[in-house]
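The values are calculated or read from the model by the stated rules, or taken from the named source; none is laboratory data. This structure is a prediction, so every number in the text was calculated from the model and none was measured. No Cβ is skipped: glycine too gets one built from the backbone with ideal geometry, and neighbour counts run over all protein chains shown. These area figures cover heavy atoms from the full protein model, side chains too; ligands, DNA and RNA do not enter into them. Shrake-Rupley method; radii C 1.70, N 1.55, O 1.52, S 1.80 Å.
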Amino acid sequence: MKDNILLLLEQTVEILKQKNILPSDVKPRIQVDRTKDKAFGDFATNLALMTAKPAGKNPRELAQLICQHLPASDVITKTEIAGPGFINFFVADNALINQLEAAYQDANLNIKKVAQPQIIVADYSAPNLAKEMHVGHLRSAIIGDSVVRTLEFLGHKVIRQNHVGDWGTQFGMLLTYMERLQQQDSEVSMELHNLEKFYRAAKKCFDEDESFSIRAREMVVKLQSGDEQCKVLWQQFIDISMDHCQETYDRLGVSLTRNDVKAESSYNDELQGVVDSLTEQGLLVESNGAQCVFLEQFKGKDDEPLPIIIQKTGGGFLYATTDMAATRYRNDVLHADRVLYFVDARQSLHFQQIFALAKKAKFARPEMSLEHMAFGTVMGEDGKPFKTRSGDVAKLADLLTEAQQRAFDLVKSKNPDMAEDELRYIADVVGISAVKYADLSKTRTSDYTFSFDNMLSFEGNTAPYILYAYTRVSSIFAKADVAADKLTGDIKLDSEQEKALGKKLMQFNDALNNVANKGLPHVMCGYLFELAGTFSSFYEACPILIHEDESVKASRLKLAALTAKTLKQGLSLLGIKTLERM
């Protein structure tokens with residue numbers, strides 16, 4: 001519907017140019033938005049306000065001319081001019097019905113694929129393999145995954161990249177501890193099954209035993225120089241660490257696999273090339289023994305230039321070096337049009353510098369979009385970064401287990417006679433969904449407070465509420481003993497509630513594009529919450545199964561089926577399963 005109006009306005013601009021009402025060189029960026037108050041129509045544009053000055057006319061006068069020259073269309077019943085020159089559009093019921101019918105018939109809800117698919121690299125999750133995944137890794141994994149799913153649904157080619165931390169000084173410490181365990185005939189793989197305990201034990205040795213710390217530093221050099229024995233130990237550590245990560249991804253329903261891992265270590269052989277290239281271009285400057293780049297747009301206190309450190313004193317490389325190598329790989333090998341980095345907001349300056357340097361050094365094409373999809377921190381109810389009662393960073397696996405147990409207790413209290421295995425399945429889905437949805441429903445750039453009580457509530461914008469709304473719709477078809485995808489009859493929009501539901505269903509495309517273009521999953525969550533509420537109002541006002549008119553009954557069943565289909569698709573793009581019963 002929105003695309004139809006945009007096309008009509010584009011045609012109108014050309015007509016006005018031909019009639020010399022608008023200058024021929026005017027190229028307005030036409031914007032069409034949904035109105036918040038339906039008394040002012042369904043859509044509105046500020047085109048007249050944008051083009052009044054070059055046209056030399058009063059905005060309301062130009063708005064009148066736009067309306068007069070708008071091509072005839074069966075989509076629009078009327079237009080109205082409001083305020084200083086806004087144009088409001090009222091959509092015809094028949095046009096809305098046609099779109100609803102098309103959405104019902106199509107497996108993808110009649111959502112058109114993008115005309116020009118892009119190659120989009122999504123860098124997300126990226127845990128440090130020295131420790132188990134904790135609550136801080138949650139946001140990158142699930143926000144990134146929901147955006148990736150949406151981009152693929154719209155037809156883009158998405159390349160997932162899990163830029164895991166598997167390199168650096170700390171691995172010398174860990175490998176030395178593995179070596180010591182082997183010398184003591186301990187079963188290293190068993191010890192590694194608790195990474196947190198393993199890491200703390202290795203760190204204690206490193207801090208308290210000078211011979212251990214010397215050996216650890218030697219191991220770093222050996223690892224980075226390709227020593228075979230060292231690499232065997234390292235690979236064993238990486239494999240077990242990645243198994244931990246994959247178990248968590250599978251529990252969360254995150255679509256990352258081992259094939260998507262493009263670790264820091266994979267760029268090791270390219271790091272000296274980064275230094276050489278920056279040196280050849282005259283961009284590297286020695287500062288206190290380190291090799292740095294200074295870009296004039298980045299300054300600190302007292303207007304001092306901020307360095308981008310590429311190589312440490314002594315020859316070591318840093319995150320900036322690896323990120324530059326990764327950017328060049330994504331440009332030269334993957335030919336990315338967009339690269340999305342799902343990393344927390346505290347790294348904003350780092351990515352601003354990397355993006356600017358990548359363009360200046362020609363590691364990224366001018367037209368390649370580098371975007372930091374920054375997100376806020378998960379906070380505890382005390383207003384501080386979320387931790388366990390003991391004060392430790394909460395392990396993600398433990399958090400998910402607690403969510404599932406709380407969901408089990410809740411579902412069992414509502415269904416005391418339900419079989420244990422069904423209770424467990426429902427609780428597992430509800431628990432994981434609650435954790436994910438609570439995060440995804442918050443604005444990505446904001447901090448949010450982690451609360452089991454809030455996320456498991458059946459009231460408000462929560463996963464249990466949306467999942468229950470879906471089961472309510474599904475139950476209609478169970479009672480009617482009809483298949484939701486085999487309905488006949490035409491959709492009718494006779495009541496205000498039917499029209500409201502029909503219009504809300506057609507807003508799915510807008511939510512999709514907000515997620516795809518801006519990386520904002522909370523827009524999809526908000527839409528699904530509004531759709532569930534709109535359906536509830538429709539259901540209360542418009543009897544379905546007991547209506548005596550079969551044509552009305554058939555129409556309302558179709559609207560219900562389309563609601564369920566839209567809820568299920570929207571939740572799927574968020575990485576959330578649906579349930580037929582709760």
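Listed by first and then second residue, the pairs linking a residue in the range 11-22 that is of a type in the set (D, E, K, R) to a residue that is assigned to a helix (DSSP H, G or I), with Cβ atoms under 9 Å apart and 6 or more places separating them unless they lie on different chains, are Lys19/Leu65; Lys19/His69. A single member of Lys203, Lys113, Lys131, Lys157 is of a type outside the set (Gly, Ala, Ser), in contact (Cβ under 8 Å) with a residue 24 or more places away in the chain, open to solvent by 70 Å² or more (accessible area, probe 1.4 Å) and in contact with a strand residue (DSSP E or B) (Cβ under 6 Å, 6 or more places away or on another chain), and it is Lys157. What residue, among those in the range 542-571 that are open to solvent by 50 Å² or more (accessible area, probe 1.4 Å) and closer than 24 Å to Ala511 by Cβ, is farthest from the chain's Cα centre (by Cα)? Among residues in the range 542-571 that are open to solvent by 50 Å² or more (accessible area, probe 1.4 Å) and closer than 24 Å to Ala511 by Cβ, the one farthest from the chain's Cα centre (by Cα) is Lys565. One residue stands out in the range 335-377 among those that are of a type in the set (D, E, K, R) and assigned to a loop (DSSP other than H, G, I, E, B): the one that is nearest to Arg444 (Cα to Cα), namely Asp337.
Please work out which residue is nearest to Asp428 (Cα to Cα), limiting yourself to the range 545-578 and to residues that are among the aliphatic types (A, V, I, L, M), modelled with pLDDT of 95 or more and assigned to a loop (DSSP other than H, G, I, E, B). Among them, the one singled out is Ile576. Here Ser433 clears all of (1) under 19 Å from Lys565 (Cβ atoms); (2) at pLDDT below 95 except the condition numbered (2).
Each row is one residue, and each column tells you yes or no for (1) surrounded by 15 or more Cβ atoms within 10 Å (Cβ to Cβ); (2) over 20 Å from Asp250 (Cα atoms); (3) out of contact with any Lys or Arg (no Cβ under 6 Å at 6 or more places or on another chain); (4) of a type outside the set (Gly, Ala, Ser).
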residue	(1), (2), (3), (4)
Gly376	yes, yes, yes, no
Asp382	no, yes, yes, yes
Asp398	no, no, yes, yes
Thr401	no, no, yes, yes
Val411	yes, yes, yes, yes
Gly431	yes, no, yes, no
Arg444	yes, yes, yes, yes
Thr462	yes, yes, yes, yes
Tyr465	yes, yes, yes, yes
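Can you give me the ranges of the helices (runs of 4 or more DSSP H) entirely in the range 168-275 with at least 1 residues that are at pLDDT 90 or above?
169-183, 195-208, 210-224, 228-252
Scanning the range 494-503 turns up one or more residues that are assigned to a loop (DSSP other than H, G, I, E, B), open to solvent by 40 Å² or more (accessible area, probe 1.4 Å) and closer than 30 Å to Val91 by Cα. When the range 287-311 is filtered for residues that are over 17 Å from Leu357 (Cβ atoms) and either touching a strand residue (DSSP E or B) at 6+ places or on another chain (Cβ under 8 Å) or assigned to a loop (DSSP other than H, G, I, E, B) (or both), the ones remaining, listed by number, are Asn288, Gly289, Glu304. Checked across the range 21-32, the condition of being on the phi < 0 side of the Ramachandran plot, among the hydrophobic types (A, V, I, L, M, F, W, C) and in a helix (DSSP H, G or I) holds for no residue.
Per the conditions (1) within 24 Å of the chain's Cα centre (by Cα); (2) of a type in the set (Lys, Arg); (3) not in a loop (DSSP other than H, G, I, E, B), the sole criterion not satisfied by Arg406 is (1). For the range 116-128, residues that are modelled with pLDDT of 95 or more, crowded, with 21+ Cβ neighbours inside 10 Å and not aliphatic (A, V, I, L, M) total 3.
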